[in-house]
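Notes to accompany the following structure.
None of the figures in this text is laboratory data; all of them are computed from the coordinates on show. All values derive from a computational prediction rather than experimental measurement. Cβ placement follows ideal geometry from the backbone for every residue including glycine, while neighbour counts extend to all protein chains displayed.
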Amino acid sequence: MIHFLHKKRNASAAISADMLDPNNIPHHVAIIMDGNGRWAKRRGMPRSYGHRAGADTLKRIVVAASDLGINVLTVYAFSTENWKRPDTEVSYIMKLMNDYLRKNLLELDEHNVKLHFIGDMSRLNPVLQEAFQQAEADMQHNTGLTLNVAVNYGGRLELTQAMQKIAKDVQNGQLQPADITEQTISKYLYTAPENDIDLMIRPGADKRVSNFLLWQMAYAEFWYTDLCWPEFTKETLIEAILAFQGRERRFGGLK
Ligand code: IPE
Ligand code: IPE
Ligand code: MG
């Protein structure tokens, strides 16, 4: 039986949602959408081609996550470190985000998705900031999957800004230093109140955190794949959830 299951799980064509335990779907999944550039290069195409394909993958995976019963999906789209890339690549990615919204907003809305951008938006082009705010407002009454898109996001920046806000509230007397607990800090994060990550997925073969959700991932289960983000499918997501369901989460305790 074990041998049979093992074989079945290795053949991705055989993977389907009915293999999942519906009572153990991760509540909050995070994805580092990596490998766009390498995927494109391998096909003799420019990196921008990979970013465009990656945006299409995001549309499909949001729908898949919603179908599978995931409640919160947080995806890394652009980090505070990604500004180091050539201007042409950065502006391409920014333009792509605008295109993405224009192209997919209606469909995401039909899937009852609640959209939320996380990160420091102040460095973005005002037109893009406006498009983000409008998209959030249009979908604020939706009650399905919460989609957090991290743009100009860094885990360290998020914590730094949280500390600045806490310091301000202490200064104006709203908060006493002795009252600052882990729960207090959690409330000041971009992802509040849905902070804790259950499953963290990184495609693109690298096995690192790259400054994503440093506080939120305290007890996240990690899953990596060599597939690049443009190749990521609903079956890949199911494979990751199957692996999650096979893990024993102890949270520091004993089983
Ligand atoms: C992820 O793909 C997208 C962003 C970081 C914006 P990459 O662009 O990092 O692709 P690789 O890792 O170079 O292949
Ligand atoms: C992480 O990928 C950021 C995003 C996917 C948006 P990077 O490609 O920027 O990470 P490193 O540089 O390989 O760590
Ligand atoms: Mg990368």
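Below, the figures for the structure above:
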quantity: Computed magnitude of the charge dipole of the range 119-240 (debye, nearest 20; Cβ of K, R +1, Cβ of D, E -1); calculated: 440 debye
quantity: Longest to shortest principal axis, alpha-carbon extents of the chain, angstrom; calculated: 63, 51, 34
quantity: Fraction of alpha-carbon pairs over 16 Å apart in the range 147-232 - percent; calculated: 61 percent
quantity: Relative pair counts by distance (%), Cα atoms of the range 94-241, 10 Å bins; calculated: 9, 30, 38, 17, 4, 0
quantity: The chain: calculated mean residue ellipticity at 222 nm from DSSP helix runs of at least 4, using -39500 (n - 2.57); calculated: -14000 deg cm²/dmol
quantity: Computed FRET value (nearest 0.05) for ARG247 with GLN171, which takes r as the C-beta separation and R₀ as 35 Å; calculated: 0.20
quantity: Exceeding the 21 Å Cα-Cα cut-off - candidates LYS165/LYS187; LYS59/LYS234; LYS59/LYS84; LYS114/LYS207; LYS59/LYS103; calculated: LYS59/LYS84; LYS114/LYS207
quantity: Loop-resident sites, the range 184-255, for chymotrypsin sites (Phe, Trp or Tyr not before Pro), counting at most 14 other Cβ within 10 Å (DSSP); calculated: TYR219, PHE251
quantity: HN-Hα J in Hz across the range 225-239 - Karplus 6.51, -1.76, 1.60, θ = phi - 60°, x for Gly and Pro; calculated: 9, 6, 4, 7, 4, x, 8, 6, 10, 4, 5, 5, 5, 4, 4
quantity: Along each principal axis, Cα extent of the range 15-75, largest first, Å; calculated: 43, 23, 15
quantity: Listed residues ILE180, ILE118, ILE93, most fluctuating in the chain (Gaussian network, C-alpha, under 10 Å); calculated: ILE180
quantity: Estimated vicinal HN-Hα couplings, Hz - the range 112-129 in sequence order (Karplus 6.51, -1.76, 1.60; Gly, Pro = x); calculated: 6, 6, 9, 9, 8, 9, 10, x, 9, 6, 4, 8, 7, 3, x, 5, 5, 4
quantity: Spacing of the two label points (7 Å from each Cα toward its C-beta) at ASP18 and GLU182, in nm; calculated: 4.1 nm
quantity: About the Cα centre, charge dipole magnitude for the chain (Lys/Arg +1, Asp/Glu -1 at Cβ), debye; calculated: 900 debye
quantity: Given charges at Cβ of Lys, Arg, Asp, Glu: the range 79-139 dipole, positive-most of ALA131, LEU105, PRO86; calculated: PRO86
quantity: Relative contact order (%) - criterion: Cα under 8 Å, at least six apart; region: the range 25-158; calculated: 31 percent
